[in-house]
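Down below is the structure, laid out as C-alpha cells.
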Amino acid sequence: MGSLKANPFGLHDAHGNVVEWCLDGYAPYDEREAREGDGLRMHWQSSRDRVFRGGSFLYDARFVRSAYRGRAGPGSLDFLGFRPALSVTTF
C-alpha cells in the first residue's frame with residue numbers, strides 16, 4: 001500500500017481494492033429519472049440489486065475504473081465494499 005505514485009487527486013491505491021456497493025437501486029439509465037435534489041435513482045420495488053462502481057483486483061484491468069457500473073444483490077459477491085463519506089463544512 002502506498003508504494004505507487006499518487007493519482008492526480010493525491011490518492012494512493014484507490015482503484016482495484018474492492019467494488020464499491022452504492023445505495024442506488026439498479027436499472028438501466030434510460031428507465032427512470034434521477035430524483036430532484038441529489039440525483040439518486042431510487043427504484044426499490046423492482047429488485048434488491050444495487051449499483052456497484054469500480055472494479056476489484058479480481059477483474060480484468062479494463063473494468064478497474066470508477067466509471068465501471070454493474071449490479072449485485074446482498075450477499076452475492078464476496079469482494080463488495082463501501083465507502084463511508086462525511087460532508088465537509090467550510091467556515
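Between ALA67 and LEU4, the contour length at 0.36 nm per residue exceeds the alpha carbon distance by 20.5 nm.
With the simple model of a label 7 Å out from the Cα in the direction of the Cβ, GLU36 to PHE82 spans 2.9 nm.
Readers should treat all values here as calculations from the given coordinates under stated rules, not as data from a laboratory. Values in this document were obtained by computation on a predicted structure and should not be read as measured data. We place every Cβ from the backbone using ideal geometry, glycine too, and count neighbours over all the protein chains shown.
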